[in-house]
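Engineer: Okay, here's the structure, questions in a sec.
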Amino acid sequence: MASRTVSATAEKSSDQTDQRAGEEANLPHRSLTQADRLEIFRQLYLARYFDVRLIKEKKRGRLTGTLYSSHNQEAILVGALFGLRPSDWISPVHRDMPAFFLKDAKAGWRNPDRMGMSLEEVCAQVWCKVTSPGRARDNWSHIGSRERRIVHSTSMLAGTIPVAAGVVLADRLNGGDAVCVTFNGEGSTAQGIFHEAINFAAVHKLPVVTIIENNQWAYGTPVSMEVPTPDVADRARGYGIPGYVADGQDVFDVYDKVMQAVAHARSGAGPSIVECKTFRAYGHGDHDDDRANKYRSPEEIEHGRARDPIAVCRRKLIEFGDLTGDTATSYPAEGKPSSQAMNDDFPPDVVEYMDEAIQFALHAAVPDAEEGGRWVFHEPGGHR
Amino acid sequence: MSAVAVPVKKNYLTALREAIDEEMGRNNDLLCLGEDIGILGGAFGVTEGLQAKYGAHRVMDMPISEGAIIGTSVGAALNGKTVMAEMQFIDFISCGFDQIVNTLATYHYRTAGEVSMPIVVRGPAGAYSGGALYHSQMNEAWFCNAPGLKVVCPSTPADAKGLLKAALRDPNPVIFYEIKELYRKKQIEEEIPENHIVPLGKAVIRRPGKDVTLVSYGQTVYHCVAAADALAEQGISAEVIDLRSLVPLDEETVFLSLGKTNRVVVVNEAPMTCGFAGELLARISEKAFHLLDAPPQRVTRLDTPVPWAKPMELYVLPSVEKIVAAAMRTVRF
């Protein structure tokens with residue numbers, strides 16, 4: 001499951017070593033520039049800091065509502081999104097909150113024209129303000145944007161996979177070549193609609209990439225009670241589509257597998273499943289943090305948190321020579337629970353971006369009560 | 001050479017096909033998704049010939065996956081398409097229930113008007129045909145209880161065409177109940193003008209009267225008309241209202257009628273408890289209580305499934321006799 005490394009082949013014959021080195025050189029992430037890799041590292045920090053800061057804000061009493069942490073799963077979001085085109089669609093769910101502002105983030109975090117949401121909009125949503133993309137009509141991750149090509153999520157797990165299929169079906173009919181990358185947990189693969197949607201997408205070779213964030217726990221139920229096969233990606237076989245398995249802690253392995261799946265989809269060869277192995281570091285939501293320390297053993301939790309995606313990425317960047325000297329050890333956010341990480345553990349521009357977004361959210365208005373009765377049906381001339 | 005147009009009477013099914021055909025002709029973004037609708041032309045033939053005319057990319061044969069049919073329709077609409085989604089029988093709509101009530105119905109609301117969902121989910125409905133439990137249902141109440149959906153049920157060929165065309169032009173999702181017993185019924189064939197549109201939310205008076213109002217929709221409109229005939233023999237003049245749309249509901253036509261008759265019987269095929277008849281009686285009681293001279297009545301299916309054997313089927317369903325008896329209760333109160 002882990003990425004191959006050249007050094008791991010030391011005991012093999014020189015032929016095998018050459019072959020492996022050749023494969024390694026062809027991996028999509030090897031084409032990334034140093035600037036790309038450093039931006040990826042920065043995005044991991046941004047995703048982590050979003051989580052860290054929301055926990056702090058809640059503890060400080062400036063935020064209410066349940067938080068669904070993506071802590072320890074950030075490499076999946078960053079790795080899956082980084083290689084997409086602005087015209088591609090995505091479909092995140094509750095544990096993917098950073099996906100909304102990471103989409104097309106490489107076009108510039110503050111670039112108003114990028115095909116993703118600004119952190120301000122996402123924070124306005126978290127704070128239940130009228131400036132949220134959904135005007136605070138549904139909670140947490142239940143936002144989206146047709147204009148910026150983000151499918152609006154719901155609480156119905158796997159329920160947006162058929163929507164993703166419909167989006168790219170329409171795109172194809174319009175002559176487009178967009179791919180839709182959907183994010184789901186391993187638990188959602190037990191839903192009937194998961195089968196219906198992937199089956200349909202496979203029949204019509206629709207460019208839907210279904211990422212399964214296998215974090216081992218569906219709320220309080222372990223993956224062994226949800227999925228009967230060793231890998232969730234094994235489900236792909238029944239549809240005659242590729243099932244990739246990625247190391248969800250390694251942003252570059254996620255990037256490689258997703259880029260292969262995206263290339264497959266964009267070429268017209270059809271959908272695929274990319275399982276990213278990871279571990280849910282905390283509770284299902286923050287309300288579940290204490291119980292999640294009881295229904296899971298300390299050993300399992302320690303093992304699951306051991307390979308922090310920021311640390312894994314840092315090691316790779318050191319190997320690449322991107323981080324040297326002091327920069328190799330600066331901003332040690334990894335391995336720290338969100339409740340204990342400090343602002344100093346993060347690059348200042350990350351903290352600053354989040355500060356601005358929170359100020360925007362705090363100063364925004366709540367919706368008028370009467371808006372609760374609007375937009376049940378289309379209002380002629382009444383669009384926002 | 002000049003030809004004199006001979007008026008052609010059309011059945012309910014042909015009217016539906018013409019509606020879809022005409023709308024596909026004028027709206028290149030209209031797609032049809034459903035089971036067996038392309039190669040076969042639909043289990044009942046509503047979409048016959050449309051795949052040959054518009055291509056398999058616009059009339060798509062879908063796997064037996066109602067959830068995926070609705071979900072795919074939603075995605076296509078999110079990306080600019082209009083969709084007609086056929087349920088092979090409206091009974092099977094329950095397999096797509098979650099996608100309808102949680103994804104489709106709420107889309108416009110949860111996006112604060114950003115995204116509209118021009119989707120018509122249509123399919124054959126109704127009993128009296130020996131279809132038994134799973135080919136007889138009228139489950140419209142489920143969807144009337146899901147804000148964001150319009151719910152429509154035509155009883156004549158002209159309305160079938162006009163309402164379907166209006167539904168296919170509506171920016172909101174519409175659940176469209178077709179009465180399969182009426183699909184090929186000779187007696188109700190009628191001439192229908194080209195581009196005939198019937199706006200959603202407008203009821204129609206099928207039979208004027210002054211003593212009691214019979215309100216219904218779909219197949220039981222004909223039971224009400226027959227009941228009105230029977231009542232007329234006893235000197236009672238019944239007015240028959242065909243609602244045509246349940247959401248939005250034309251309360252005004254009902255209340256205006258009650259202003260004349262002061263008595264009302266609501267008739268529908270669905271089970272009684274929490275059915276649409278109950279909803280209409282509640283609104284009448286709240287808003288038009290002062291117009292009533294007698295307790296409002298309803299005639300519905302018993303609170304049972306629809307059984308197969310004919311005597312049992314008729315036993316549980318509304319009948320002309322049951323409607324006449326209910327009307328008499330209001331008149332003799």
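Derivation of every value follows stated rules applied to the coordinates shown; laboratory data play no part. Worth saying up front: this structure is predicted, and the values here are computed from it rather than measured. FYI the Cβ positions are ideal-geometry reconstructions off the backbone, even for glycines, and counts take in every protein chain you see.
Engineer: Among A:310-321, A:95-106, how do they line up from the highest to the lowest mean number of other beta-carbon atoms within 10 Å?
Structural biologist: In decreasing order of mean packing, A:310-321, A:95-106 become A:95-106, A:310-321.
Engineer: Considering the zone a paramagnetic label at A:His287 would reach in this model (a point 7 Å from Cα along the Cα-to-Cβ line), which residues of region A:95-109 have amide N under 17 Å from it?
Structural biologist: A:95
Engineer: Averaging sequence separations of C-alpha pairs under 8 Å and six or more residues apart, then dividing by the length of region B:12-188, give the relative contact order as a whole percent.
Structural biologist: Worked out over region B:12-188, it gives 25 percent.
Engineer: Report the antiparallel proportion of the DSSP beta bridges in chain B as a percent, rounded to a multiple of 5.
Structural biologist: Bridges in chain B that DSSP calls antiparallel: roughly 15 percent.
Engineer: Residue by residue through region B:136-147, what is 3J(HN,Hα) from phi via Karplus (6.51 cos²θ - 1.76 cosθ + 1.60, θ = phi - 60°)? Round to whole Hz and write x for glycine and proline.
Structural biologist: With coefficients 6.51, -1.76 and 1.60, one gets 9, 6, 10, 10, 4, 5, 4, 8, 5, 8, 10, x Hz.
Engineer: Still on this structure: Just list whichever of A:Lys205/B:Lys185; A:Lys106/A:Lys277; A:Lys205/B:Lys10; A:Lys316/A:Lys336; A:Lys257/A:Lys336 have alpha carbons separated by over 31 Å in the model shown.
Structural biologist: A:Lys205/B:Lys185; A:Lys205/B:Lys10
Engineer: Next question. Enumerate the calculated ³J(HN,Hα) couplings along region B:42-55 in order (Karplus 6.51 cos²θ - 1.76 cosθ + 1.60, θ = phi - 60°), each rounded to whole Hz, writing x wherever the residue is Gly or Pro.
Structural biologist: Couplings: x, 4, 9, x, 4, 9, 4, x, 6, 5, 4, 7, 10, x Hz.
Engineer: Could you name the lysines in cross-link range of B:Lys287, using Cα to Cα under 21 Å and dropping any fewer than eight places away on the same chain?
Structural biologist: Candidates past the 8-residue exclusion: B:Lys202, B:Lys210, B:Lys260.
Engineer: Under the definition of partner shielding as Cβ atoms of other protein chains within 10 Å of a residue Cβ, what is the mean value for peptide A:167-175?
Structural biologist: 6
Engineer: On to the next question. Which whole-number percentage describes the relative contact order of chain A, with Cα contacts under 8 Å and a sequence gap of 6 or more?
Structural biologist: 21 percent
Engineer: Net charge within 12 Å of A:Asp36 by Cβ-Cβ distance, Lys/Arg positive one each and Asp/Glu negative one each, not counting A:Asp36 itself?
Structural biologist: +2
Engineer: Check A:Val181: other-chain or 5+ apart residues with amide H under 5 Å from its amide H, H built from backbone geometry?
Structural biologist: The answer is A:Trp89, A:Ile90, A:Ser91, A:Val209.
Engineer: Follow-up. Restricting to the protein assembly as shown, compute how many DSSP beta bridges are antiparallel as a %, nearest 5.
Structural biologist: 15 percent
Engineer: Suppose each label sits 7 Å from its Cα in the direction of the beta carbon; what would the B:Lys202-B:Tyr134 distance come out to in nanometres?
Structural biologist: 4.0 nm
Engineer: Can you give me the span-like helices of chain A, meaning DSSP H runs with 15 Å or more of Cα extent along the axis and Kyte-Doolittle mean at or above 0.0?
Structural biologist: Qualifying helices: A:161-173, A:192-203, A:251-266, A:309-320, A:348-363.
Engineer: With Cβ to Cβ distances under 9 Å as the rule, what net charge do the other residues near A:Pro98 carry (K, R +1; D, E -1)?
Structural biologist: The answer is -2.
Engineer: Quantify how strongly other chains surround peptide B:114-123 by giving the mean number of their Cβ atoms within 10 Å of each of its Cβ atoms.
Structural biologist: Mean shielding by partner chains, rounded to a whole number: 2.
Engineer: Using a Gaussian network model of chain B whose springs link C-alpha atoms within less than 10 Å, name the residue from B:Met87, B:Met312, B:Met272 with the highest mean-square fluctuation.
Structural biologist: B:Met312
Engineer: Using modelled amide H (1.01 Å from N, peptide plane; none on Pro or chain starts), what sits under 5 Å from the amide H of A:Ser153, excluding residues fewer than 5 places away?
Structural biologist: Counting only residues 5 or more places away or on other chains, the set is A:Ile143.
Engineer: Over the whole of A:140-150, what's the average partner chain Cβ count within 10 Å per residue? Rounded to a whole number, please.
Structural biologist: Counting other chains' Cβ atoms within 10 Å and averaging over A:140-150 gives 2.
Engineer: Looking at chain B as a GNM with Cα springs under 10 Å, which of B:Ala132, B:Ala105, B:Ala15 has the largest mean-square fluctuation?
Structural biologist: Fluctuation is largest for B:Ala132.
Engineer: Could you calculate the FRET efficiency of A:Glu319 with A:Ala107 from 1/(1 + (r/R0)^6), where r is the beta carbon distance between them and R0 is 30 Å, rounded to 0.05?
Structural biologist: 0.65
Engineer: Moving to a separate point now. Taking H as built 1.01 Å from N, whose amide H comes closer than 5 Å to the amide H of B:Leu31, not counting residues under 5 places away?
Structural biologist: Excluding prolines and chain starts, which carry no amide H, the hits are B:Thr82, B:Val83, B:Met84.
Engineer: Compute the FRET efficiency between A:Ile301 and B:Val8 as 1/(1 + (r/R0)^6), taking r as their Cβ-Cβ distance and R0 = 51 Å, and round to the nearest 0.05.
Structural biologist: Taking R0 as 51 Å, the efficiency between A:Ile301 and B:Val8 is 0.10.
Engineer: So if I place +1 on the C-beta of Lys and Arg and -1 on the C-beta of Asp and Glu, and nothing else carries charge, what would the dipole magnitude of the protein assembly as shown be about its Cα centre? I want it in debye, nearest 20.
Structural biologist: 1180 debye
Engineer: Using θ = phi - 60° and the Karplus form 6.51 cos²θ - 1.76 cosθ + 1.60, what ³J(HN,Hα) does each residue of region B:213-227 get, whole Hz, x for Gly and Pro?
Structural biologist: 9, 9, 10, 7, 7, x, 5, 6, 4, 5, 5, 5, 5, 5, 5
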